[in-house]
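A quick write-up on the structure given underneath.
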Amino acid sequence: MSGISVQGVSKSFGDVQAVQAMDLEVAEGEFVSILGPSGCGKTTLLRMLAGLEFPTEGQISIGGQVVNDKSPADRDIAMVFQSYALYPHMTVAGNIEYPLKKRKVPKAEREERIRQAAAMLKLEDLLGRKPRELSGGQQQRVALGRAVVRDPAVFLMDEPLSNLDAKLRSHMRAELIQLHRRIGRTMIYVTHDQLEAMTMSDRIAIMHEGALQQLATPKEVYARPANAFVAGFIGMPPMNLVDAKLDGDGNLSVFGRQYRFVASDGPGHSGEQTVKVGFRPEDVVLRDDGEAARVAIVEPTGHEVIVVFEIDSARIVGRVSPELDLKADDQVRLAPRVERIHVFSGTDGDRLGGVHSEG
C-alpha cells in the first residue's frame, strides 16, 4: 500500500506561508502532477512529502503510516531532481548501484537490479561510461535508474525535465509514461509546464499562492475548471475571460448578446452581479450574426492560426484554420460556442455554471 494522504498541511517560513491548509489524497499507483506558477508552493509540498521539510501544521501519511517525524530514509521514497546529481567519478553502473551499496544489498542482487533497471531505461550500452560522456537525456535516465533500482513505494520528481531541450523533453515524457505503466508505483511529479502535467498525469493538482485550486483529471481541469485562476492558467493560449453582467432572472449579457445562465453544483445566484465569462480560443467561431470585431494580431503556427480579435476595448484570442487567410485590420464577426461558455464569480472567481442557450 503506497497511497499518500495530506491532511490540513501548512508550511510557514517566518511570516511567509508557502503552503496553506492543503488536503490531498493520492491513490496507490497513481501519477499525480503538482502544477502551478513559480512560487505557488509546489516544491515546498514535495519537500514535505520527502521529509526534507516538516509541516508547520497538519499530517502526512504514506502507505497508511504517519510520516511527519520520519527522515527521508525511513519513508520508502525515491527522489529525482531537476539537477541530475550524478557522481562524476563513477560510471553509469556505479551511480545506479550506489543506493544499493549504502543499504548493503548483496552483490549478486545489486548486479541483477542494475541489469533490470538498465534494460528498462535502455542504458545497457552506457553502463561503463562516466556522466560527462552522456547527453542530457541519458543523464536523466541514469538519475531515474538510480531511483528505480531501489524499488521504492513512492517516486517524487521535482521538475526533472526542465533542463532538457523541447525535443528531448517530449521523448522523456514518453519514457516516463512507459516507466509508470511498467512499474505501477505511486508518482508525484512537480512541474510548472502544463504540457507535461496534461500528457502524463492521471490527475493534476493545481496550486496558486500556497493553496490547492483543483484536483482532477487533465480532461476535467481543461473542460470544467473550478475557478477563474485554473481557467486562465490551463491552456495555450489560455481561456478568454471577460467581464459580464448576470441579472436576477438568469440573463447573462456578454458584448451586448444575451444568454441564459445555468447554475452548476452551487446554490445558484441572486440579484444582479458582475461575473467573469470564459471561453477557450478554439470555441471562438466566426459567424455572420456574431459581434463585430477587428483582427489585431495574426500568428500562423502551421496547422492553425492564433488570432487576437478586438471587440471594443476587449481582446479575444481565437484559433482558426489557415484557410481563412485572415490579416491584420480585417473586420469579422464572431461569437463563442454557447455550450462551451463558463461563468465564474466576479468576486472570488469560483465557478458558477454555464450557459444553456442564447436569449
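Below is a table of values for the structure above.
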quantity	calculated
Counted charge near residue 223, where neighbours are those whose Cβ lies closer than 12 Å (Asp, Glu -1; Lys, Arg +1)	+1
Amide H contacts under 5 Å for residue 207, placed H, 5+ residues apart	35, 36, 213
Convex hull volume of the range 128-264 per residue (C-alpha atoms, cubic angstrom)	152 Å³
Square roots of 5 times each gyration tensor eigenvalue, C-alpha, the range 1-133, largest first, Å	33, 17, 14
Given 130/167; 70/104; 42/104; 276/327, the pairs whose alpha carbons are separated by over 27 Å	42/104; 276/327
Cα radius of gyration and Dmax for the chain (Å)	24.4, 76
Theoretical gain in end-to-end length, residue 347 to residue 289 [0.36 nm per residue, Cα-Cα removed]	17.7 nm
Most to least packed among 332-344, 41-53, 77-89 [average Cβ atoms within 10 Å]	41-53, 332-344, 77-89
Per-residue ³J(HN,Hα) for the range 22-33, Karplus 6.51 cos²θ - 1.76 cosθ + 1.60, θ = phi - 60°, Hz, x for Gly and Pro	7, 10, 8, 10, 10, 6, 4, x, 7, 9, 10, 9
Value at 222 nm in deg cm²/dmol, rounded to 500, when DSSP H runs of n ≥ 4 in the chain each add -39,500 (n - 2.57)	-7000 deg cm²/dmol
Derived scalar couplings ³J(HN,Hα) [the range 282-299; Karplus, 6.51 cos²θ - 1.76 cosθ + 1.60; whole Hz; x for Gly, Pro]	6, 9, 8, 10, 7, 8, 4, 9, x, 7, 5, 9, 10, 6, 9, 9, 10, 10
The chain - percent relative contact order, Cα under 8 Å, separation 6 or more	15 percent
Amide H within-cut-off set for residue 12, under 5 Å, with H built and near neighbours excluded	18, 56
Karplus 3J(HN,Hα) series, Hz, for the range 350-357 with 6.51 cos²θ - 1.76 cosθ + 1.60 (x for Gly, Pro)	5, 5, 9, x, x, 10, 8, 6
Euclidean distance of C-alpha centroids, the range 218-290 and the range 300-337, integer Å	19 Å
Interchain or long-range residues, amide H under 5 Å from residue 68's placed H	60
Local electrostatic count at residue 335 - Lys and Arg +1, Asp and Glu -1, tallied over other residues with Cβ under 9 Å	+1
Degrees between helix 92-102 axis and first principal axis of the chain (Cα, 0 to 90, nearest 10)	70 degrees
Environment charge of residue 189, counting only residues whose C-beta is closer than 9 Å and scoring Lys/Arg +1, Asp/Glu -1	-3
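Read the figures in this text as sums done on the coordinates, not as results from a lab. Source: prediction; values computed, not measured. Don't worry about glycine lacking a Cβ; one is built from the backbone with ideal geometry, like all the others, and counts go over all protein chains shown.
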